[in-house]
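Note sheet for the following structure.
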Amino acid sequence: MSFLHIHHVHKRFGETHVLKGVDIEIEKGDFLVLVGPSGCGKSTLLNMIAGLDSISEGELRLDGQRINELHPSKRDIAMVFQSYALYPSMTVAGNIGFGLEMRKVPRAGRRAAIQRVAELLQIENLLKRKPAQLSGGQRQRVAMGRALVRDPQLFLFDEPLSNLDAKLRVDMRTEIKQLHQRLGTTIVYVTHDQIEAMTLATRIAVMRAGELQQLGTPQSVYDDPNNLFVAGFMGSPSMNLVPARIAEKAGALVALIETEKATLALPIVRDRQALTDWCDKAVMLGLRPEAITDPASANRDGGEIFEADLEVDLVEPTGADLYVVTRLGGTNVNARMRPGSPPQSGTQTRFAFDVSRMVAFDPDSEARIRDRASVGSAPLASSA
Amino acid sequence: MSDTASPHGKGVRERLQHWLPKLVLSPSCVLILFFVYGFIAWTSYISFSDSGMMPDYAWAGLRQWSRLWSSWTWGIALHNIWVFGLLYIVSCTVLGLLLAILLDQRIRAEGALRTIYLYPMALSFIVTGTAWQWFLNPGLGLEKTMHDLGWESFSFNWLIDANMAIYTVVIAAVWQATGFVMAMFLAGLRGIDGEMIKAAQIDGAPAWKIYARIIIPQLRPVFLSAIVVLAHLAIKSFDLIVAMTGGGPGNATAVPATFMYSYAFSRNEMGIAAASAVFMLAVIAALIIPYLYSELREPRS
């Protein structure tokens with residue numbers, strides 16, 4: 001029995017179908033991140049879990065109990081909002097204690113609980129201030145304190161970091177993760193930032209246009225995407241998507257990629273069975289930038305390396321890495337190389353492809369082409 | 001600014017550009033200085049003079065002021081303005097807030113209802129006063145209608161009852177201004193972050209507590225504006241009372257403004273009238289100046 005069970009949930013606002021049957025299950029202690037571009041229905045789903053939006057169809061279960069009809073205050077949840085939603089007329093202590101006060105917790109118990117949370121979040125010195133006297137990061141902490149103080153079964157976060165500046169966002173992200181690890185709470189977190197999703201989640205649910213695209217651990221969503229959308233959405237810089245053709249060459253399956261000078265034949269090692277059916281057909285190949293490197297930094301232990309000489313179009317150093325842009329199959333391709341001795345643009349250099357990490361997609365349905373055995377945890381929502 | 005080297009014509013045009021705005025604005029400045037501040041000064045002087053029917057510039061010290069404060073009618077007028085002002089401000093604020101909260105429940109036809117409530121503000125006080133005078137007149141309005149319908153024992157004669165007449169003025173004035181106050185509160189309510197209300201719902205606060213603890217405290221600036229606007233309307237109230245009761249029955253609904261008018265123009269006591277006018281100005285200034293100061297200062301901080 002899963003702890004939070006979102007079963008075939010639909011949401012309609014009049015004619016518009018915002019959520020089209022979403023199924024998600026998570027266990028106690030999980031950190032579920034709902035991620036997707038704006039308008040994908042992730043915030044609506046969160047509001048439905050909170051009880052702030054009604055459920056048109058389907059069922060929500062928390063710890064085995066149906067919560068569809070329960071008032072938000074009866075669901076044993078707490079929520080942190082994007083705008084923090086602090087009550088401006090109350091002090092920080094008043095804000096944190098308001099939920100307890102409404103639940104008729106006596107004053108002494110309230111004070112102890114507020115003190116405990118304030119120590120946890122290091123905001124003891126702010127308790128007597130009003131929200132208007134706080135900085136963005138401090139407000140964020142108070143909003144989290146208000147959620148933590150009630151010790152609910154489930155925490156909901158609605159894009160809590162999007163109003164902070166970049167530096168503070170990274171710090172708060174770390175703190176939220178530490179808090180989750182220390183307290184072992186169950187969290188549902190909405191964001192449009194795929195880096196936030198990758199760093200925080202134990203489970204990621206990628207959504208688009210009201211449909212769940214993939215549900216899985218961050219690593220499985222990253223390495224084993226269900227479709228072109230997930231492949232392109234997760235990861236920064238994003239996955240290289242290159243048009244290719246599957247062919248048989250000397251008894252082995254290869255992917256043929258046109259370059260300006262020659263045709264590249266990358267050996268197929270992954271999803272070989274499924275791709276046999278695609279012989280002589282066009283596919284879309286997906287390769288992460290870190291799977292295309294210089295020969296010296298290629299991963300020869302686990303991976304299978306294929307090397308080729310290609311022309312360098314552009315070199316983008318970021319300090320830690322060096323991104324080298326070349327052209328494959330008519331599109332720009334990012335390769336991540338070691339900084340130090342960058343190749344000159346316009347010259348030929350040697351690239352190493354880790355073909356064991358290469359994935360293939362159906363260019364028409366955008367669905368992943370994969371062997372049966374390696375099918376991920378969630379059913380594929382194809383957009384055919 | 002070195003015109004010395006430039007040709008003569010350009011200097012004239014530049015000087016014109018420099019002076020034009022000042023020239024255009026100066027007539028209205030002069031008019032306001034004379035007709036507003038000049039007459040304020042003149043009235044203030046008259047209140048310290050011996051003026052009767054005509055202005056008399058002989059200095060009389062505080063004689064008119066002491067006569068004003070020992071006047072029995074002035075006492076009634078002050079008492080009435082307290083009763084009227086307090087009831088008017090409190091009723092308008094409470095009813096306006098209540099209407100705004102009810103209108104804010106995402107009801108249908110909100111636009112039409114808002115207009116209906118706001119419409120009395122479009123009428124002049126004279127029209128409001130006359131209409132309510134007809135409506136409350138025992139021989140003409142509500143009471144007669146009830147009698148005609150067969151309810152013989154119905155009686156509502158506050159308008160001609162010296163003890164109750166001031167309350168009829170309150171009813172008419174509240175009817176007129178409540179919609180306006182409602183519009184102010186409605187704007188304030190619309191400015192409140194919806195996420196905050198969601199947070200309070202999750203915190204388990206019932207609707208009335210969300211209003212009492214979270215929403216209404218945030219409307220403090222609206223309360224301040226509403227009270228200042230209503231207070232100065234109350235002190236200035238003249239036309240409504242003249243149209244509705246004429247200050248009567250007897251002196252029962254006299255207020256400082258009607259007092260001033262009758263002493264200046266029918267009782268030939270210009271000095272006392274001037275003193276009462278200056279007193280009203282002082283009270284309004286005491287309300288408005290701190291308010292304007294706090295409103296105009298805010299953007300800079």
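Is at least one residue of the stretch B:204-214 closer than 26 Å to B:A100 by Cβ, out of contact with any Gly (no Cβ under 9 Å at 6 or more places or on another chain), β-branched (V, I, T) and buried (at least 21 other Cβ atoms within 10 Å of the Cβ)? So far as the stretch B:204-214 goes, yes, one or more of its residues are closer than 26 Å to B:A100 by Cβ, out of contact with any Gly (no Cβ under 9 Å at 6 or more places or on another chain), β-branched (V, I, T) and buried (at least 21 other Cβ atoms within 10 Å of the Cβ). Does A:A118 meet the test of being within 13 Å of another protein chain (Cβ to nearest Cβ) and in a helix (DSSP H, G or I)? Here the answer is no, as A:A118 does not meet what is asked. Here B:G111 meets each of (1) free of Cβ contacts under 8 Å to residues at least 60 places away in the same chain; (2) open to solvent by 40 Å² or more (accessible area, probe 1.4 Å) with one exception, condition (2). Among the candidates A:L46, A:L52, A:L86, A:L70, which residue alone is surrounded by fewer than 17 Cβ atoms within 10 Å (Cβ to Cβ), among the aliphatic types (A, V, I, L, M), within 14 Å of chain B (Cβ to nearest Cβ) and not in a strand (DSSP E or B)? Step by step, each of A:L46, A:L52, A:L86, A:L70 is checked, and only A:L70 is surrounded by fewer than 17 Cβ atoms within 10 Å (Cβ to Cβ), among the aliphatic types (A, V, I, L, M), within 14 Å of chain B (Cβ to nearest Cβ) and not in a strand (DSSP E or B).
For the stretch A:357-367, does any single residue satisfy the condition of being of a type in the set (S, T, Y) and either touching a helix residue (DSSP H, G or I) at 6+ places or on another chain (Cβ under 7 Å) or open to solvent by less than 70 Å² (accessible area, probe 1.4 Å) (or both)? Yes, because at least one residue in the stretch A:357-367 is of a type in the set (S, T, Y) and either touching a helix residue (DSSP H, G or I) at 6+ places or on another chain (Cβ under 7 Å) or open to solvent by less than 70 Å² (accessible area, probe 1.4 Å) (or both). In this entry, A:R146 is excluded by the filter for residues that are within 14 Å of another protein chain (Cβ to nearest Cβ), buried (at least 19 other Cβ atoms within 10 Å of the Cβ) and part of a loop (DSSP other than H, G, I, E, B). Looking at the stretch B:144-162, which of its residues are of a type in the set (A, V, I, L, M, F, W, C) and surrounded by 11 or more Cβ atoms within 10 Å (Cβ to Cβ)? Result: B:M146, B:W151, B:F154, B:F156, B:W158, B:L159, B:I160, B:A162.
Listed by position, the helices (runs of 4 or more DSSP H) contained in the stretch B:93-156 that have at least 1 residues being within 22 Å of B:F223 (Cα to Cα) are B:110-118.
Of the helices (runs of 4 or more DSSP H) that lie entirely inside the stretch B:189-293, those containing 1 or more residues that are more than 14 Å from chain A (Cβ to nearest Cβ) span B:220-236, B:239-244, B:256-265.
Note on the stretch B:54-68: residues that are surrounded by 13 or more Cβ atoms within 10 Å (Cβ to Cβ) and part of a helix (DSSP H, G or I) amount to 5. State yes or no: is A:V283 open to solvent by less than 20 Å² (accessible area, probe 1.4 Å) and of a type in the set (A, V, I, L, M)? Criteria met by A:V283. Within the set A:L156, A:L126, the sole residue that is buried (at least 20 other Cβ atoms within 10 Å of the Cβ), over 25 Å from A:V188 (Cβ atoms) and not hydroxyl-bearing (S, T, Y) turns out to be A:L126. Just one residue in the set B:G85, B:G75, B:G96 is open to solvent by less than 80 Å² (accessible area, probe 1.4 Å), closer than 30 Å to B:V174 by Cβ and touching a Phe, Trp or Tyr at 6+ places or on another chain (Cβ under 7 Å); that residue is B:G96.
This table checks each residue for (1) surrounded by fewer than 19 Cβ atoms within 10 Å (Cβ to Cβ); (2) under 23 Å from the mean Cα position of the chain (by Cα); (3) of a type in the set (F, W, Y); (4) modelled with pLDDT under 90.
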| site | (1), (2), (3), (4) |
| --- | --- |
| B:L33 | yes, no, no, no |
| B:T43 | yes, yes, no, no |
| B:G52 | yes, no, no, yes |
| B:L123 | yes, yes, no, yes |
| B:L142 | yes, no, no, yes |
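Between A:R139, A:R116, A:R146, A:R111, the distinction of being at pLDDT 90 or above and either touching a strand residue (DSSP E or B) at 6+ places or on another chain (Cβ under 9 Å) or among the hydroxyl-bearing types (S, T, Y) (or both) belongs to A:R146 only.
Restricting A:V80, A:V33 to residues that are farther than 22 Å from B:D193 by Cβ and either crowded, with 20+ Cβ neighbours inside 10 Å or within 10 Å of another protein chain (Cβ to nearest Cβ) (or both) narrows the list to A:V33.
Among the residues making up the stretch A:89-106, those that are open to solvent by 30 Å² or more (accessible area, probe 1.4 Å) and either at the interface with chain B (Cβ under 10 Å from one of its Cβ atoms) or touching a Cys at 6+ places or on another chain (Cβ under 8 Å) (or both) are A:S89, A:E101, A:R103, A:K104. Checked against the criteria, A:A132 does not count as away from chain B (no Cβ under 14 Å) and either more than 20 Å from A:E159 (Cα to Cα) or surrounded by 17 or more Cβ atoms within 10 Å (Cβ to Cβ) (or both). Checked against (1) surrounded by 18 or more Cβ atoms within 10 Å (Cβ to Cβ); (2) in contact (Cβ under 8 Å) with a residue 60 or more places away in the chain, B:R190 meets all criteria but (1). Of the residues making up the stretch A:177-189, just one is basic (K, R) and either crowded, with 20+ Cβ neighbours inside 10 Å or over 24 Å from A:R111 (Cβ atoms) (or both), namely A:K177.
Take the residues in the stretch B:224-240 that are open to solvent by 50 Å² or more (accessible area, probe 1.4 Å) and not aliphatic (A, V, I, L, M); name whichever of them is nearest to B:A100 (Cα to Cα). Residue satisfying both the conditions and the ranking: B:K236. Would you confirm whether any residue within the stretch A:2-11 is assigned to a loop (DSSP other than H, G, I, E, B) and either within 14 Å of chain B (Cβ to nearest Cβ) or closer than 16 Å to A:F155 by Cβ (or both)? Within the stretch A:2-11, one or more residues are assigned to a loop (DSSP other than H, G, I, E, B) and either within 14 Å of chain B (Cβ to nearest Cβ) or closer than 16 Å to A:F155 by Cβ (or both).
Here the stretch A:159-176 is the region considered, the condition is being within 13 Å of chain B (Cβ to nearest Cβ) and under 21 Å from A:L126 (Cα atoms), and the residue that is surrounded by the fewest Cβ atoms within 10 Å (Cβ to Cβ) is A:N163.
The values are calculated or read from the model by the stated rules, or taken from the named source; none is laboratory data. Nothing here was measured: the structure is a model prediction, and the numbers come from that model. Cβ sites come from the backbone with ideal geometry, for glycine too, and all protein chains shown count toward neighbours. All accessible areas refer to the heavy atoms of the entire protein, side chains included, with ligands and DNA or RNA removed. Shrake-Rupley method; radii C 1.70, N 1.55, O 1.52, S 1.80 Å.
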